[in-house]
Every structure is written in C-alpha cells, then in structure tokens.
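Asker: Sending over a structure as structure tokens; questions will come in a sec.
Please treat every number below as a calculation from the coordinates, not as lab data. Everything quoted here is computed from the prediction, not taken from an experiment. Every residue, glycine among them, receives a Cβ derived from its backbone with ideal geometry; neighbour counts consider all protein chains shown.
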Amino acid sequence: MQTWSLVSICVLLALVVRWGVSLNSYSGAGKPPMFGDYEAQRHWQEVTYNLPLQEWYFNTTENDLMYWGLDYPPLTAYHSLICAYVAKSINPEWVELHKSRGYESPKHKLFMRATVLVADLILFIPAVVLYCLYLTDGSSRKKVSTLFCFLLYPGLILIDYGHFQYNGVSLGLALWGVLALGLGWDALGSLAFCLALNYKQMELYHALPFFCYLLGKSVQLGLMGRGLFLLVRIASTVLGTFALCWLPFLSDPDHAMQVVRRIFPVARGLFEDKVANTWCSLNVLVKVRYILSSDSQIYLSLACTLLAVLPSCVRLLTKPTFWQFKLALANSSLAFFLFSYQVHEKSILLVALPVCLLLNDLPLVAIWFLHASTFRGLTACAGWFEAMWFTVALSKHDTEDMKHDASVSEGRSAGALRCDLAGLPVLQHLFTVSTGALFRGYLETGSLPQAAFLPPQTGPGLDREMEVLHQRRGHGGSELCDCRSGSSITSA
Amino acid sequence: TVTVMAAAGSCSWFPPLALGVSLLKCLFINAYHSTDFEVHRNWLAITHSLPVSRWYHENSSVWTLDYPPLFAWFQWSLSHVAQHFDSNMLRVENLDYVSPGAVLFQRLSVVFTDGVFIYGATECCRCVQEPKEQRDVLSRPSFVLAVLLLWNFGLLVVDHLHFQYNGFLFGFLLLSLAKHLQHRHLQGALLFSILLNLKHIYLYMAPAYGVYLLRSYCFTQDHRDGSVRWSSFSPLRLLALGAIVTSVCALSFGPFVAMPALLSLWGGPRGPRAFLRVLLICSLGSFLFGWHVHEKAVLLAILPLSILAVQNREDAGTFLVLTTTGHYSLFPLLFTPAEFPIKVLLMLMFTIYSFTALRKLHSGPGRLLRPLEYAYLLGLNAVAITCEVALPLSPWQQTLPFLPLLVTSVYCSVGVCHSFLRLYVSLLRPEEKPKQL
C-alpha cells in the first residue's frame, strides 16, 4: 500500500485514540477547593485574559499565587491568552475573573480537550511524521511501524488527554529542534528549541546535548572560519528568541527576577511525592532529606547530575554526529530525571521523547523503557534499574554496532511484516492506553469515572423535540412492527 | 467451485488486528450511548427478576422485549454476570438507571460478545481464495477482508458508541455464510435458524436462504423429481424454514422486488457465491422497501458484501459505493459534539483503507469506479460539512431543524439505490469465473 495512505491511517488512529482517552475524566474533576491541573490551565486563561501582563507572575489582590499561580515561562502564558480569547468568544463565563473558579461543564471540557488536540495537530504530530519519514532509515514499511509506535506512546497520551496538560507543545517544539538539527538547519533548530525552553523550563533536561552538539559542530568546522560564523548565528538566534519571548518582562529587572523565581521554586525540597528517581529510592534506606541541609542537597544533586551527564556530553563535543546527539539526549534527560532537584514524575516524558527517537535503532530497549515509564507503581523500583541498564547500554553502543545490528535483523525478516516492531508493542500501547484511561479516572476521582458521564444534550423547545426524535430512532429493535401501536407482524 | 483455504501458519497478523480493535473499543466505554442502553438494561432486569411467563408481558418500561426468545435467554445469561457489577440495574422499577458499574458491564459485554464476530470473520477469511503467487501480507485478500470486517466503521460506531449487540449477531451470520461457502449446508442452516431466533430482522435474508437451500441442497441432482427429498433427515428442518419464509413473504415489498433474483437462483445450481449475491439483494431490497427500517440495517448488506469485494472487481466497486454512503448515513445516529471527532476520524480511516486496499488488490486496467461515482462520493464531503457544521451553526437551525437529516437521507439514498442496481446487474449477467488475482 502507498506510504501516504498508511501514514494517514496511522495519524487518524492516533487522533481517535487521543480523543477516546479525552472522553474520560480529567485531573481534579469535581474536587473543590483546589481541583487539579485542568483547573490550573483554565485559571491561567482567566488570569492572562483579565489582568495586565505586569501582574501575571505577582501576588496581588486580583491574582492569588497560592491558587495555581503561573509557574511556567512566558510562552505558556501567551498560549493561555490565545486560548482565553477563543474561550471568551464561545462563552465569557469560562474566563470571568474570580467568578469562573472551579467552572466545570461538558461544553467547557470539550473546549479544553479540543485545545490540546489542536496544539498536538499543529506541533507534535507533524514533527513526528516528518521525523519518522525523513530521519529514520529502512524500508517505508519499517518507517510506518516506527511512526505507529511513536504516535501511540501511552505516557504522553494519558498525561495530555487524560490528566490534562500541554506537554505536546513543548515536546513538539523540541522535536522540531531535533528535526532541524538532523536536516542540518542549525539556526532553525536552535530557534525551535529555545521556543520549547520558553514554553516549559523542564526542557532544560535536553539543553546540554543541544549545546554540546552545536558547539562540537562549530569546533569541527573550524573556530577561525565557518565554525565561528555558525556559532555567532546560533548565539544570535538564541539571544534573539529569548529577548522576543521575554520582551514585555525585560523593562523591569525585578519583574524578570520574579518570573525566574516562579519557574524555579528552589524552596520546595529535594523531592515531592513518590518519583522513580535516585533520591526518592535512596530515601527509603537513608533519610537523605533529613540528614543533609537544603543547600547541601542542591549541591549534591547538581554534582551527581553533572557527573552522570558529563561522559555523553564530552563524547558529543568530540564527535558531533546525529546518532551521538540522539543518544546524548536520552542519556542527559535520564540523568537529570534520576539525580536532579525537585523532579516531578511527569518529567519521565522528557526521557520518553528521546527514547522514541531511538525506536528504529534500538527497538527492544526503547519499547521496554517506554512501558516501564508509563506505569506509576512500577516505575518506583523497576524503572530505576531499567534506566541504569539503559544508560549503560547507550554508552556501549556505537554507530558501527548499530549498523551491524540493523543489517542482521533486516536479513532475518526480509519480506515479512515487521510485527516485532509494530504488532506487539502497538498492542501493548493500546492496552496501556485503554486501561490507563479507565484507571486514571479511578485514581483521580476515587471511583470509576463519574464526571465523564454526559447525559444526552438536551435543551428547551425544539432541542427537546430533536431529543425525543433521536430517542425514538435510537431503538431499532422493532423493524418489523411498531411496538408502540401494538400491531403485530402479520398485519401489514 | 473449489475453495482454497489460506495457507496455515500465515495468520499471525489476525490476532493483533482483533486484539487491537477490541482495545480501541474499550476507549469508548465512557462515550455517549443512546436509549438502546436503557433498552438492554431493562431486558436484563426483566429476564433476571421475572419468571419466564412474564417476560413478554412486562411493560412498565416503554422499551418492551421485542426480540425473539433466544435473545431473551442471551440477556438472561448476561444478567448473571451483571449482578456482580451492579445489582441495582437488575431491578425492573429502576427505569433509566445509569451507574458506572452498569455502563462498564454493558460496554464490556458488547466487547466480549464480539468474540463471536471475530470467530465468524476468521472463518470467512479462511474461505477467501488466495492468489497463486506469494504476496506480502498487506496485499492478501484475506488480510484486506479481515480489516474490512473487524475494523468496520459502521459496526464500531453502532455497537460501541450508540450501543447494540450487532457484532454478536453478525458473527452468527458470518459463520453461517462461511459454512455455506465451505458447502457445509447443514451447519450453515442451523446457524441461520439460531440467528433468526436471536433477531428477526434477518428474516430479510430468509428468502435467499430458502430458495438456495431448497434448490442446491435438497435437489441433489438436476431435473430430479422432488419426492426423493423426503427420505433424508435435514429437508424436514429446511421445509419448516421454507414454511416460515413463505408465510412472511407477504409482509413487505422486499421479497417481491427480489423475485427475479430468486428465480435466477432457482434457474440452475450456481454455487455459494451466487447465493451470497442473492442474499445481499434480499437484504438491500428489504432495506430500500421494507417497513420501519432503521439506518443500522444497511450493515446487513455491507458486511457480507465485504466477502465478495475482496474477490471480485465489480463487487469491489459496488462495495466502495455502498459502504461509503451507508456508513455516512449512520452519522445522524451520533449527534453529540463530543463524539463528532470520533465518527469523522474513524470514517476517514475506514474509507481511506478500503479504497487503497481494494485498489491495490484489484490492480489492473481501468478504475474500480466510474467518474460519476467518484464525483458522487466526493460530494459526500460537501454534504458532511453542510449538515454537520454549516447548518447547525446557521440561523436555519431554529426554523428548519430537520433539514440536515433530510439532506443526508436523500443524498445517501441515491448511492444505496445505485448499489442495489449494480448488484442486480452483476447477478443477472452470465456468471463469469471468479477472477484469479
């Protein structure tokens, strides 16, 4: 079958699965007074629409930072503003200052879910399609199966469409950055990545590999000639992007500092909640949180993170190839996840993205990691060991090994459908997504999803008649006789 | 005709297809469901709580039991599992009862009973003639048929969103057809009689069954006197079936319209494929001319046509027209905004797949459809945008609320009638050998 039709079927299925998950409950549904991430996003739309820019990140009488204050960089705020404009045009009650707190309705849920889908459709999905078609090697069948697995990764779907977040935007922008670097467009790649950084500060997990790759490439081209030119171009792109995003906040240095303080809350402690990283696991045996002072904790985590990241980054500096870059992305994000300060469990998505990039090259390792990353309870213990094994496996792998593996496996399975890459993992993805969607609702609301039950849309007057008509048409059991009038089969 | 079974061991792709679609169905558990949900809940309550003598008398709910007894027993057996999910749903007085447990149970019961449909699809795929040369999996007729059956848009949307048990019932139909294609007529007849006792809508197909079995099974040789039949055991059961068929023949115009087709079936032994064609004409004829027909009944024609479509070029063309229009005509069933993306995306998926797969399967000179047919199907896009988006948002929504439904029905009726005529023409044309792919 033609590639385009297979690709469109993959994308359509990915969209159906996403929307199917979004029919279920979201974080904090029906749970006053704080609700959850869904309410946080709605609140940011309210704040950005109604308040002037200067007050967005400050604690004022109109803006209570204790109730879901903005703690992402400015691009998230601008995105919320755009969504707020759309929301206002549909129903002003959704973003009314103060009065719309805790607003929940089926139409509003539809709107919010739609914003996530639109963002994915514009940013994340095209990037994935282009990556799988142009930056992976193998037959077109293999590329399509990689695309299938990538698009159906359950973790991102469950968090974005179940719990409710916009990780697809930041991950999509980062992926565009990777795409551009892979195609040799360095300035555009850095532009995309800077935008990703300005959307969610967690993208810093990916920053070191980008930096080392571009620096290494410039060094390779010669610091006295084209390399310097490249370096200057990239530096100016980065500075320009940051300036553009932070422009409204740069007029007042205090203002900028407040934003930085909001997005890097150092006061929160080494870890919060149960996360599958070193400190949380170590805390079970050695109470790190109580033995060390807050400052020492910061220095310890910094040291460990840098130590873990150093080998791959140094390697990347000396040998800036795209393959090394992908490996370094995975390694760096995993190291940050394991050793960094105040890691949130959703940060595993930042590791999952580079691992998805490696689906084509290291299928078994990648698939196993992606599964471990999805399950909440499992990651607490198995994830750590799995991650260390994965990191070791990465450091041993070299380009030559990868090419050898690929040719051997191609020879074995020539002519047959690559079920090992597409069939089983995709099934496992679908299983994870569907059970995850069901039980996420259970975990959020404490009972099988209740908030998701929408009664048939009714309204006064004509709507009611339409409703009755659809009710009558809904039951088609009496094809041969009119059950209401009581006439039987034999009378025509 | 000799049917070639698909090579054993090449069906490793079937379980992932079946399992994948089952998992997808689970995602729709919390989606919109129609009043049919309450219908089946009420029947669970009736069969569980009341004695058998009261089942067809109970009428405290407006949705009285109006399926044949075998379906009532099916609901009765389901009710024993239901009590472990939520025993309150089994009380007859709990009209319009909805709870998370009830929804979960009902949705999962549809997914599980679809196992019969999956088994039926397996059997049908085994009856499909495979081409001589070894092709890659995606281009094999059995693979294409499996996708067209298991991932059928109409079934997904009607069973797992709107809520019904059509998968379970069609499974019996597919099994019966498969048995006839394998010349195991006794088993096929038994399965069809079970199906008739599960849902009487399949009476539409009874004329085809009756005539075919009478002619090709009861008369073991041509030009033989009918009295030879009486000595064997099965014709008695078949005679009873034929008696039922003739007694309900007077009910609707469908069988009258199908008469020339039935005569052609009687004209000479033409094998199971001709029987399948006549069956389709009976179903589609009844859909077109029958009494109190529901749009879901178009599935009665679409699903069996899939079997012919992967084998025959002409049928593939008819299939594409009928399926696209028939599936689009199901859109008004799901009118809630939350389910709008699902129906559009699933419809696109199925349509893209059926067009590209069937075109690849029947690659050859010329196209599968005539230009006018392509133009008509493309026009469906305009109809969709008008009826789903433009009209509901326009001021006419208040004054002419039924206009979208009218436009949909009228436009789709053209396609369905055209497919009916195409089927008739292909039947009455002298039978050609099934094209070797």
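Asker: Where in region A:163-183 does the label zone of A:GLN220 land, with the point 7 angstrom along Cα→C-beta and an amide N cut-off under 14 Å?
Answerer: Answer for region A:163-183: A:181-183.
Asker: Let me ask another. Run the simple label-point estimate for B:ASN381 and A:ILE90 please: 7 Å along Cα→C-beta, distance reported in nm.
Answerer: With each label point 7 Å from Cα toward Cβ, the separation is 2.5 nm.
Asker: Would you work out the relative contact order for region B:1-147, in percent, from Cα pairs under 8 angstrom that are 6 or more residues apart? Could you put the intermediate results ahead of the total?
Answerer: On the way: 123 pairs, mean separation 50.9, N = 147.
The normalised contact order for region B:1-147 reaches 35 percent.
Asker: Within 12 Å, Cβ to Cβ, of A:TYR57, how many net charges do the neighbouring residues add up to if Lys/Arg are +1 and Asp/Glu are -1? It would help to have the intermediate numbers written out before the result.
Answerer: Numbers: positive: A:ARG261, A:ARG262; negative: A:GLU55, A:ASP71, A:ASP252, A:ASP254.
Here the charged neighbours net out to -2.
Asker: Now for a separate question. Between A:HIS98 and B:PHE340, how high is the FRET efficiency from 1/(1 + (r/R0)^6) when r is the Cβ-Cβ distance and R₀ = 30 Å? Nearest 0.05. It would help to have the intermediate numbers written out before the result.
Answerer: Details: r = 33 Å, r/R0 = 1.09.
Efficiency at R0 = 30 Å is approximately 0.40.
Asker: Just checking the output field for A:14-22: average partner chain Cβ neighbours within 10 Å of each residue's Cβ?
Answerer: What the average comes to for A:14-22 is 6.
Asker: A follow-up question, please. Return the sequence-ordered ³J(HN,Hα) values of region A:199-206 in whole Hz as given by the Karplus equation 6.51 cos²θ - 1.76 cosθ + 1.60 applied to θ = phi - 60°, using x for Gly and Pro.
Answerer: Result, rounded to whole Hz: 8, 9, 5, 5, 4, 4, 4, 9.
Asker: Can you compute the label reach from A:LEU183? Point 7 Å from Cα along the Cβ direction, backbone N cut-off under 15 Å, restricted to region A:124-155.
Answerer: Residues A:124-136 fall inside that zone.
Asker: Ok, one more. Please list, in order along region B:24-34, the HN-Hα scalar couplings obtained from phi with the Karplus expression 6.51 cos²θ - 1.76 cosθ + 1.60 (θ = phi - 60°), rounded to whole Hz, x for Gly and Pro.
Answerer: 4, 4, 5, 5, 9, 4, 9, 7, 4, 10, 8
Asker: May I pose another question? Per residue of region B:198-210, in order, report the coupling 6.51 cos²θ - 1.76 cosθ + 1.60 (Karplus, θ = phi - 60°) as ³J(HN,Hα) in whole Hz, putting x for Gly and Pro.
Answerer: After applying 6.51 cos²θ - 1.76 cosθ + 1.60, I find 8, 8, 7, 4, 6, 4, 4, 8, 4, x, 4, 4, x Hz.
Asker: Next question, about the same structure. So if each residue of separation counts as 0.36 nm, and I subtract the Cα-Cα distance between A:LEU285 and A:TYR78, what length gain in nm does that give?
Answerer: Numbers: separation 207, 0.36 × 207 = 74.52 nm, distance 4.40 nm.
That pair, A:LEU285 and A:TYR78, stretches by 70.1 nm at full extension.
Asker: Further question: Would you pull out the residues with amide H under 5 Å of B:TYR67's amide H, same chain only if 5 or more places away, H placed 1.01 Å from N?
Answerer: Long-range HN contacts for B:TYR67: none found.
Asker: Could I have the simple spin-label model distance between B:SER363 and B:LYS132, label points 7 Å from Cα toward Cβ, reported in nm to one decimal?
Answerer: 1.8
Asker: Sorted by packing (mean other beta-carbon atoms within 10 Å per residue), highest first, where do B:91-104, A:137-150, B:61-74, B:280-293 land?
Answerer: Values: B:91-104: 16.2, A:137-150: 20.9, B:61-74: 17.8, B:280-293: 23.1.
Put in order of decreasing packing, that is B:280-293, A:137-150, B:61-74, B:91-104.
Asker: Using a 7 Å offset from Cα along Cα-Cβ at A:TRP323, what residues in region A:165-191 end up with backbone N under 17 Å from the label point?
Answerer: Answer for this model: A:182-183.
Asker: Quick one: check the C-alpha center-to-center distance for region A:128-182 versus region B:19-64, whole angstrom.
Answerer: With region A:128-182 and region B:19-64 each reduced to a Cα centre, they are spaced 41 Å.
Asker: Return the distance in nm (one decimal) between the two label points of a simple spin-label model at A:ALA303 and A:SER139, each offset 7 Å from Cα along Cα→Cβ.
Answerer: The modelled label-to-label distance comes out at 5.4 nm.
Asker: Further question on the same structure: Provide a whole-number value for the mean count of partner chain Cβ atoms within 10 Å of the Cβ atoms in peptide B:331-342.
Answerer: Working: counts 0, 3, 4, 1, 5, 7, 7, 12, 3, 2, 11, 5.
Per residue, the average neighbour count from other chains is 5.
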